[in-house]
Amino acid sequence: MSNDKLREAFESWAITSAWMGLSGECLEFIDGGYVNCEVQAAWLGWQASREALVIDLPKVIGSLMYSSDVYEAVEAAGLKVKP
């Protein structure tokens with residue numbers, strides 16, 4: 001997932017999360033970070049959570065192998081596939 005797509009997913013979550021209590025104005029992003037300290041901390045945590053998630057897919061299920069589409073879908077969700 002591109003960094004822009006990852007940010008879009010984060011911002012969508014942040015706006016809809018009641019505990020954050022945010023509005024769009026709180027999501028000002030300048031020079032690689034959010035101006036709001038709480039949002040920046042949540043963003044760093046969000047990135048770290050995605051970095052830590054690595055999916056270990058078996059190479060073969062029975063006689064079927066995964067197509068590259070499976071790997072691409074997992075990575076498009078912001079997760080990594082274990083090499």
Next on the checklist: Which residue, ALA77, SER17, ASN36, has the largest displacement toward the positive end of the dipole of the chain when charges sit on each Cβ (Lys, Arg +1; Asp, Glu -1)?
Outcome noted: ALA77
Next on the checklist: Using the basic label-point model (7 angstrom from Cα toward the beta carbon), what is the SER23 to ALA76 distance in nanometres?
Outcome noted: 3.5
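What's the carbon and sulfur percent of the chain's accessible surface, probe 1.4 angstrom, rounded to a whole number?
C and S atoms contribute 59 percent here.
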Item to check | Folded to 0 to 90 degrees: helix 37-52 orientation relative to the chain principal axis, Cα | outcome: 10
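Where does the charge balance sit around LEU57 when Lys and Arg score +1, Asp and Glu -1, over other residues with C-beta under 13 Å from its C-beta?
-1
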Next on the checklist: Give me the 1.4 Å probe accessible area per residue for the chain, excluding ligands and nucleic acids, in Å².
Outcome noted: 68
Next on the checklist: Please enumerate, by chain and number, the aspartates and glutamates with C-alpha under 18 Å from the C-alpha of LYS59, excluding those fewer than 8 residues away in the same chain.
Outcome noted: ASP69, GLU72, GLU75
Checklist entry - So what's the net charge close to GLY33: Lys and Arg +1, Asp and Glu -1, counting the other residues with Cβ under 14 Å from its Cβ? => result -3
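The values are calculated or read from the model by the stated rules, or taken from the named source; none is laboratory data. Here the structure is a predicted model, which is why all the values come from computation and not from measurement. Reconstructed Cβ throughout: ideal geometry from the backbone, glycine too, with neighbour counts over all protein chains shown. What goes into the accessible areas is simple: the full protein's heavy atoms, side chains included, and nothing from ligands, DNA or RNA. Shrake-Rupley method; radii C 1.70, N 1.55, O 1.52, S 1.80 Å.
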